[in-house]
1. Using the basic label-point model (7 angstrom from Cα toward the beta carbon), what is the Thr237 to Arg203 distance in nanometres?
2. Subtracting the Cα-Cα distance from 0.36 nm times the residue separation, let me have the gained length for Leu153 to Ala308 in nm, one decimal.
3. In nm, to one decimal, how far is the Asp281 label point from the Glu191 one, both placed 7 Å along Cα→Cβ?
4. In whole angstrom, and with the biggest value first, how far do the Cα coordinates of the range 60-126 range along each principal axis?
5. Determine, from the Cβ-Cβ distance of Arg29 and Ala246 and an R0 of 35 Å, the FRET efficiency 1/(1 + (r/R0)^6), rounded to the nearest 0.05.
6. Which whole-number percentage describes the relative contact order of the chain, with Cα contacts under 8 Å and a sequence gap of 6 or more?
7. Run the quick spin-label model on Asp218 and Glu266: label points 7 Å from Cα toward the beta carbon, then report their separation in nm to one decimal.
8. When only alpha-carbon atoms count, how far does the range 1-60 stretch along each of its three principal axes, as whole angstroms with the largest first?
Amino acid sequence: MDPAPFHSDVADAPPGARVTWGHADDGTRLRLALWPPGPRGMVAIFPGRTEMIEKYGRVISDLAGRGYGAAVIDWRGQGLSDRLKGKPLLGDIPDFSHFQRDVAVLRRALDTHAPNAPRFVLAHSMGGCIALRALLDGFPGQAVSFSAPMWGLPLTGALRRTITALRPALGLSRLDLREVPGAGIEFRLWENPFDNNDLTSDRATYEWMQHQVQACPDLRLGAPSLRWLLAALVETTALAGMPAPAIAAYCGLGTRERIVSGDAIETRMAEWPNGRLDLFDGALHELLMEQPKTRADFLNRTCDLFDAAPR
């Protein structure tokens with residue numbers, strides 16, 4: 001794999017990263033970062049929509065302090081991976097199965113980089129949707145931790161049915177490549193004020209996240225497309241009908257969650273053998289970017305699960 005750029009000046013990441021380009025089987029170029037394996041193993045981080053490797057620098061530092069190395073990928077369409085031509089700020093995917101091509105690249109990189117290290121999964125939001133599918137398809141891991149996984153979207157049943165019914169017409173007219181209706185400044189992190197955000201209640205961390213995309217415009221991503229929304233509805237509906245994979249799971253959810261469906265998360269975790277769900281009082285969507293106590297509690301419980309997993 002060829003070396004890839006990394007904005008270390010905004011990442012607050014530990015040294016030692018190997019940042020490279022990989023290629024999916026359809027030719028899409030993807031950026032990956034791999035830190036050295038820790039004595040307790042490797043954590044494969046599945047980021048959420050709009051996120052990029054640099055955003056997880058502080059998380060990777062914390063994992064290293066607990067004895068874990070880490071690997072992170074920029075999903076297609078975000079970070080420095082290949083984006084939609086002509087509309088680089090539009091979050092788009094025709095089908096969520098395409099993300100599993102990216103997972104295959106991450107898996108090959110881990111197999112080469114740390115073939116004998118115990119492997120764990122830490123997944124946030126859209127990454128939780130991608131990770132669930134990957135685990136069901138055989139992605140290896142001793143345990144998994146989810147932060148506000150996107151296993152459903154907070155849409156009314158009527159709106160969901162209307163959008164799904166319009167899918168063929170939208171695709172034929174290419175209207176599905178427009179932003180989701182009502183997309184506003186809240187989808188533009190680099191200029192959205194803290195008081196208008198649904199991501200974190202921690203102002204200092206929010207300003208750090210903003211600084212990353214203000215200082216490095218190539219890391220920005222805006223609103224999702226209608227096609228992304230349709231694909232997400234199809235995938236979350238399909239996953240809801242499948243049993244949980246045979247892996248120990250931990251899940252955290254903020255009580256002020258407004259981006260993904262809390263009901264879908266509670267339903268899934270109630271049926272997950274060897275699964276545990278914790279609610280974090282007052283927290284918004286991004287537990288890994290939340291108030292210091294919330295963030296530390298979630299990461300400690302995540303690492304406690306990983307520590308207890310059989311090697």
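1. Spacing of the two 7 Å Cα→Cβ label points: 4.4 nm.
2. The span from Leu153 to Ala308 would gain 52.6 nm if fully extended.
3. For the pair Asp281/Glu191, the computed spacing is 3.9 nm.
4. The principal-axis extents, from largest down, are 42, 23, 19 Å.
5. Computed FRET efficiency for Arg29 and Ala246: 0.55.
6. Reported relative contact order: 19 percent.
7. Modelled inter-label distance: 4.5 nm.
8. Sorted largest first, the three principal extents are 33, 26, 22 Å.
No lab work stands behind these numbers, since they all come straight from the coordinates. Please read these numbers as outputs of a predicted model, since none were measured by experiment. Quick reminder, even Gly has a Cβ in these numbers, built from the backbone with ideal geometry, and neighbours come from all protein chains shown.
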